[in-house]
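Comments concern the structure below.
The values are calculated or read from the model by the stated rules, or taken from the named source; none is laboratory data. Given the structure is predicted, the values throughout are model-derived calculations rather than measurements. With ideal geometry, Cβ positions are generated from the backbone for all residues, glycine too; neighbour counts draw on all protein chains shown. Surface areas here come from the heavy atoms of the whole protein model, side chains and all, with no ligands, DNA or RNA. Shrake-Rupley method; radii C 1.70, N 1.55, O 1.52, S 1.80 Å.
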Amino acid sequence: MRWVESGDVRLALFEQGDPAAPTVLLVHGYPDTHRVWDEVATLLEDRFHVVRYDVRGAGLSDAPRATGGYDYDHLAADMTAVLDAVGKPGVHLAGHDWGSIQGWNLIGRPGIRERILSFTSVGGPHLDRAAHFVRHGRPREVAGQLLRSWYIGAFQVPVVPELVLRAVLPRVVNRSVGAPGRPGHPAETLVRDGLNGLGLYRANMLTGRGASPAEPVPRTPVQIVEATKDPFVSPALLASAHRWTPRLWHRRVPAGHWVQRSHPGVLARMIAEFAEYVEGAPPSRELRRDRPGERGPYDDRLVVVTGAGSGIGRATARAFAAHGAEVICADIDLAAARRTAEGIAGRGGAAHAHRVDVADAAGMEEFARLVRDRYGVPDIVVNNAGIAVAGPFLDHSVDDWRRTLDVNLWGVIHGCRLFAAQMAERGQGGHIVNVASLAAFLPSRLLPAYSTSKAAVKMLSDCLRAELAGQGIGVTVICPGFVSTAIARNADYVGDLAEVAGEPAGEALAARGYPPERVAAHILRAVHRDLPVVAVNAEARIGYVLSRISPALTRRLAGFVRLTGGRRRPSETEKSRD
């Protein structure tokens, strides 16, 4: 720690890491001190020279005597003094809350903007552009932001905010941080800092801004990190920065306002990736996809599809690749997976083939590690692999049940468990798609094991959606009706169906004329819209509605099909009698 003189105040400056490394300057917001960045700074210090300081009126730094001492000109003078003390020709700036608000102003100021190599904005907009948004934005979006910003007007009132903050500020901050309190945050000086920091609002807000921003932000590379649960800054306000910022990346973290406390690893990684990219390193996949512009929703996304060798899995892999995604084509039949991947590559897409048996827990764990280590954490996982056994319940052997549940249910469980854990650890959300069936909600006397497994997949998906929503991970269950795939032809038939059902059933599905490509289109749409349940095609939608309004009718329909012809395989009970 050392002192830096800036006019009539002294600023407390803190440094860690190798001074010869690229410098990252972390600026805190209201009502914090430099200590709010402790976890992030520790994570960055191995690669960067990390600099922090207590802004005027906060922590160990001096407070100006009058409200005017908090205006932009004084904040800019403080930044100049800090940059001079650091002695580097350029630094990578990251600001949170008021640290971000002043950062937007600073990267447009001659004498400072040339010294800012990149800017990471977290939870604080450019005030001029925010005022322009309020005057010219869509009424509903403006109203939403004004509701979030009610306190700004309240802070302009004399005396009352001081009285209220003394009473409630520690409790409000402790409840809002999203992480347990620790030494340094909230700071011991919190109440005093909160009272002093009112000067930031009174000196810089409501000063006639917003008629029209005077100039575009200079071509400083800017990275907005949007905390999607931030109660103070709306997504619409942050998105409005795109029109003013030529070199912009917009990234999202499913977190509250104090993202550096609740998700320090995620934010540190984003700051590091951006700084290293500006320094000349190749961009990460996440950085490439988060550059706004003429990009589709799946460009540079990494997608894993199981059962990708044929049918719905193959069509889904092709559809994601056609929309710009890189696809991992997984199947128990490696040759079939390779054909899918090669077909995608032949159309100019990016795809990789891997063999995996989704029923094998150890094999799935190895596959998940391979994907993460070789390609990265997937953004979307489609658990599609499945098999069918058809025939009466009493003719299903224990092995029939075990095999069906191992693939159709345990395969989905393995995929969800392993890849959801990776997504949660990465901290940037994702999406899981589980392919079930019309059989998930429409019982059939011919498909007891298959229907049970698919009903379990639907319930699993509903449970996971509730659990993972807070981490920004969506879960969708897809329930197709009859689709023209080879599943009926490849199914095992037992009992009275053993001799006669395979080819007729396959021909019936083919005659239905509903191609798997249409199911794939529903999957892409469901991921984009984050839909919970999608019943695909007419019979699935009818069955879903019936299951909701008249379960008794669906049970009656389950018995309409009669089993005739063929040679029945002896049941387990009959075997035991023999």
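Data overview
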read-out	value
Any hit, the range 539-553, residues being assigned to a loop (DSSP other than H, G, I, E, B) and at pLDDT 85 or above	yes
Where a residue in the range 42-70 is more than 18 Å from Phe14 (Cβ to Cβ) and its partner, wherever it lies, is open to solvent by 60 Å² or more (accessible area, probe 1.4 Å) and part of a helix (DSSP H, G or I), with Cβ under 7 Å and at least six apart	Pro64/His74; Thr67/Arg202
Count of the range 89-104 residues which are outside any strand (DSSP E or B) and crowded, with 19+ Cβ neighbours inside 10 Å	8
Per-region count, the range 56-88, residues open to solvent by less than 50 Å² (accessible area, probe 1.4 Å), over 20 Å from Ile116 (Cα atoms) and assigned to a helix (DSSP H, G or I)	3
Some residue of the range 372-382 being closer than 18 Å to Ala455 by Cα and modelled with pLDDT of 95 or more	yes
Elements of type strands (runs of 3 or more DSSP E) contained in the range 1-48, each with 1 or more residues being under 27 Å from the mean Cα position of the chain (by Cα)	23-27
Residues of the range 418-433 that turn out to be closer than 16 Å to Ala330 by Cβ and open to solvent by 10 Å² or more (accessible area, probe 1.4 Å), as a count	2
Residue, farthest from the chain's Cα centre (by Cα), within the range 403-450, restricted to residues that are part of a helix (DSSP H, G or I) and within 18 Å of Val533 (Cα to Cα)	Ala439
Subset of the range 153-195 (residues that are over 26 Å from His263 (Cβ atoms), touching a helix residue (DSSP H, G or I) at 6+ places or on another chain (Cβ under 9 Å) and aliphatic (A, V, I, L, M))	Ala154, Val160, Val164, Leu165, Val191, Leu195
Any hit, the range 31-40, residues being of a type in the set (Asp, Glu) and either modelled with pLDDT under 95 or open to solvent by less than 10 Å² (accessible area, probe 1.4 Å) (or both)	yes
Which listed residue is open to solvent by 30 Å² or more (accessible area, probe 1.4 Å), closer than 14 Å to Ile523 by Cα and charged (D, E, K, R), from Arg347, Arg355, Arg318, Arg339	Arg318
Any chance Ala455 is among the small types (Gly, Ala, Ser), open to solvent by 10 Å² or more (accessible area, probe 1.4 Å) and farther than 23 Å from Pro516 by Cβ	no
Some residue of the range 295-302 being of a type in the set (Asp, Glu) and either surrounded by fewer than 23 Cβ atoms within 10 Å (Cβ to Cβ) or in contact with a Ser or Thr (Cβ under 7 Å, 6 or more places away or on another chain) (or both)	yes
The range 29-39: number of residues that are in contact with a helix residue (DSSP H, G or I) (Cβ under 8 Å, 6 or more places away or on another chain) and under 21 Å from Gly197 (Cβ atoms)	7
Residue in the range 434-446 that is open to solvent by less than 20 Å² (accessible area, probe 1.4 Å), farther than 19 Å from Arg541 by Cα and touching a residue at least 24 places away in the same chain (Cβ under 8 Å) present	no
Residue count, the range 394-410 (criterion: in contact (Cβ under 8 Å) with a residue 60 or more places away in the chain and open to solvent by 30 Å² or more (accessible area, probe 1.4 Å))	2
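Yes/no matrix, rows are residues, columns are (1) at positive phi; (2) at pLDDT below 95; (3) open to solvent by 40 Å² or more (accessible area, probe 1.4 Å):
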{"site": "Asp230", "(1), (2), (3)": "no, no, no"}
{"site": "Ser240", "(1), (2), (3)": "no, yes, no"}
{"site": "His257", "(1), (2), (3)": "no, no, no"}
{"site": "Gly265", "(1), (2), (3)": "no, no, no"}
{"site": "Glu276", "(1), (2), (3)": "no, no, yes"}
{"site": "Glu279", "(1), (2), (3)": "no, no, yes"}
